[in-house]
């Protein structure tokens, strides 16, 4: 069997290299954008004590979030809030404790 060296066309190699560099830069930019969005969402979730609220059709008025929940005991009264960022025992679901 005869061994042949493959001759590379330098112009074609430059074109492929340019496309590779351009595509890799685009991927890096997209990765950075999605990382920033992910960071902002995480900050919002951790800073807001409660971020999901009730609607007009809810049986009980209240709000809950990652570590704090508030319930209105009677119509027109103030909300009673339970939970603290430091105390993990206040989390309602035992799987997240």
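Since every read-out is calculated from the coordinates, none of them should be taken as a lab result. Here the structure is a predicted model, which means the values were calculated and not measured. Here the Cβ is made from the backbone with ideal geometry for all residues, glycine too, and neighbour counts use every protein chain on show.
Multiplying the residue separation of residue 81 and residue 28 by 0.36 nm and subtracting their alpha-carbon distance yields 14.8 nm. Between residue 18 and residue 47, the contour length at 0.36 nm per residue exceeds the Cα-Cα span by 6.1 nm.
Averaged over residues, the count of other Cβ atoms within 10 Å places the peptides 26-38, 64-76 in the sequence 64-76, 26-38, highest first.
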